[in-house]
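The values are calculated or read from the model by the stated rules, or taken from the named source; none is laboratory data. The shown structure was predicted, so the numbers you read here are calculated from the model rather than taken from an experiment. Glycine gets a Cβ as well: all are built from the backbone with ideal geometry, and neighbour counts include every protein chain shown.
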Amino acid sequence: MTVKVLGDVDEFIQEVLILERPQSLVVVDFYATWCEPCKQFAMTFEVVANRLCECRDVKFVKMDVELFYGGIIRDMGIRSVPTTALYIDGKLVDTLSGSVSESALEEFVTAHLD
């Protein structure tokens, strides 16, 4: 499975903020189980993850916003779900809100590669 579902804040810190390799790109889908657009976007995220992970050094993960403690989500710049966030070297570099198309998501991610 290309997309890893994170179970808690500690796992988020380990997988996204503390990196094994410098210059690593991590793409995070912040979603909620009750969110219909999130459910629609889930397949798009999976398809793009499968496509890019085959040929690029990028990690894709998903995090249910309900598992975070209230203010942490706001502090991360997440205002709505779904939101796709890009982290390089454990730092948030860009976000994309909404259930976007495969091509829009792929363009968003690849703009930050290399």
Query raised in the report: If you take the residues in region 68-109 that are at pLDDT 95 or above and assigned to a helix (DSSP H, G or I), which one is surrounded by the fewest Cβ atoms within 10 Å (Cβ to Cβ)?
Result: Ser103
**Report entry** Residues of region 60-114 satisfying the condition of being among the polar types (S, T, N, Q) and in contact (Cβ under 8 Å) with a residue 40 or more places away in the chain
**Finding:** Thr83, Thr84, Ser99, Ser101, Thr110
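Going by the structure shown, is Gln14 on the phi > 0 side of the Ramachandran plot and modelled with pLDDT under 90? Write out each step before concluding.
Details: on the phi > 0 side of the Ramachandran plot: no; modelled with pLDDT under 90: yes.
When the stated conditions are applied, Gln14 does not pass them.
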Report summary line: Exactly one of Glu54, Glu36, Glu46 is surrounded by 15 or more Cβ atoms within 10 Å (Cβ to Cβ), at negative phi and among the acidic types (Asp, Glu), and that one is Glu46
Query raised in the report: Could you give every pair whose Cβ atoms fall below 6 Å, whose first residue belongs to region 1-26 and is more than 20 Å from Val93 (Cα to Cα) and assigned to a loop (DSSP other than H, G, I, E, B), and whose second residue is at pLDDT 85 or above and acidic (Asp, Glu), counting only separations of at least 6 or pairs across chains?
Result: none
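If the requirement is being modelled with pLDDT under 85, part of a helix (DSSP H, G or I) and not charged (D, E, K, R), which of these qualifies: Cys38, Cys53?
Details: Cys38 fails: modelled with pLDDT under 85.
So the residue among Cys38, Cys53 that is modelled with pLDDT under 85, part of a helix (DSSP H, G or I) and not charged (D, E, K, R) is Cys53.
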